[in-house]
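The values are calculated or read from the model by the stated rules, or taken from the named source; none is laboratory data. Here the structure is a predicted model, which means the values were calculated and not measured. Note that each Cβ is placed from the backbone with ideal geometry, even for glycine, and that neighbours are counted across all protein chains shown. The accessibility values were calculated without ligands, DNA or RNA, using every heavy atom of the protein model including side chains. Shrake-Rupley method; radii C 1.70, N 1.55, O 1.52, S 1.80 Å.
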Amino acid sequence: MDIMSNNILYLFGNELRKSKHDYMIVAVVQSLIWIASYIVSIVKYNKLYVDVSTAGLDLGTGTTVVTILDMQRFGITILAVSVVYAAFIWMREYTSGHKSIYTIMMLPQERHHIFIVKFLNAVTMFYMNLILFIAITILVCLVAPFVMNGGVFMNPFTAMMHSSLATAIYMPMTFRNFLVTDVLIVAANTSLIALAFLINRFCMYKSGFAKFISVVVSISLFVFMLFMSFILVYETEVIYMAVISIVVGYFASKYILQRLEF
């Protein structure tokens with residue numbers, strides 16, 4: 001068990017080193033998107049404030065960041081980028097001109113370590129995105145009151161908790177909500193993305209019917225991910241669905257990996 005853990009940690013470290021530029025690019029692009037979005041919202045509010053004041057109307061005093069920033073809309077890129085990245089790291093492994101060292105090392109035994117390592121990489125990207133988004137949002141909440149017309153200071157953590165973001169997956173209000181949304185759902189989605197890719201890879205050289213089934217399964221898994229992440233609000237059902245998805249995704253991916261040609 002210790003040997004397996006050490007091996008996975010070593011391979012995970014190698015995967016992160018290989019992906020360091022991915023993290024840097026994502027961090028820079030995401031930061032620019034979020035900061036630019038917040039600036040645009042503040043500028044639009046200030047223009048509205050001036051127009052209303054010029055017309056002799058009263059927009060109201062004591063405006064807070066919560067009033068003008070749609071944090072949920074801005075934060076949707078956290079999940080979007082994480083989903084795309086989870087698919088990207090699998091495609092890169094199989095479509096690039098050279099195989100990574102750890103993939104070659106794992107053949108022909110212990111192929112399921114590939115799933116575990118890429119799973120950890122995708123989950124790490126999600127948490128990097130989440131932490132970065134919270135840090136930038138806190139910074140904006142601290143600065144915004146001083147550049148908003150009629151704006152007042154509000155504790156940044158209170159601002160986020162009272163925004164639409166608090167009802168989304170990004171800022172859970174309780175530990176149970178954190179466990180369900182930021183742990184189980186993220187893990188389940190990551191497992192299902194890997195499974196969808198491996199099914200398509202496995203059926204790539206099969207009959208036309210097998211390819212058709214792989215496409216149908218992939219679309220179904222994607223719809224299921226959306227349903228579990230955004231539509232279903234009953235936490236107990238989400239827990240069961242997420243746990244089953246993680247288990248099925250792991251064992252099905254492990255089965256396929258053992259039968260894939262590299």
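Of the residues in the range 90-103, at least one is buried (at least 16 other Cβ atoms within 10 Å of the Cβ) and at pLDDT 85 or above.
On the basis of being open to solvent by 50 Å² or more (accessible area, probe 1.4 Å) and modelled with pLDDT under 70, does Met106 make the cut? Here the answer is no, as Met106 does not meet what is asked. Within the range 201-223, being crowded, with 16+ Cβ neighbours inside 10 Å and not in a loop (DSSP other than H, G, I, E, B) holds for Arg201, Phe202, Ser214, Ser218, Leu221. Every test in (1) at pLDDT 80 or above; (2) open to solvent by 20 Å² or more (accessible area, probe 1.4 Å) is passed by Phe153 save one, and that test is (1). Cβ-Cβ contacts under 7 Å between residues 6 or more apart (or on different chains), taken from a first residue in the range 236-251 that is open to solvent by 40 Å² or more (accessible area, probe 1.4 Å) to a second residue that is of a type in the set (Phe, Trp, Tyr) and part of a helix (DSSP H, G or I), are listed as Tyr250/Phe115. Of everything in the range 244-262, what is over 18 Å from the mean Cα position of the chain (by Cα) and assigned to a helix (DSSP H, G or I)? Give them in sequence order. Selection gives Ile244, Val247, Val248, Tyr250, Phe251, Ala252, Ser253, Lys254, Tyr255, Ile256, Leu257. Whenever a residue of the range 116-140 is crowded, with 22+ Cβ neighbours inside 10 Å and modelled with pLDDT of 90 or more, it has no partner that is of a type in the set (D, E, K, R) and not in a helix (DSSP H, G or I) lying with C-beta atoms less than 8 angstrom away and at least six residues away or across chains. The conditions of being within 21 Å of Leu257 (Cβ to Cβ) and either of a type outside the set (Asp, Glu) or open to solvent by 30 Å² or more (accessible area, probe 1.4 Å) (or both) are not met by Arg176.
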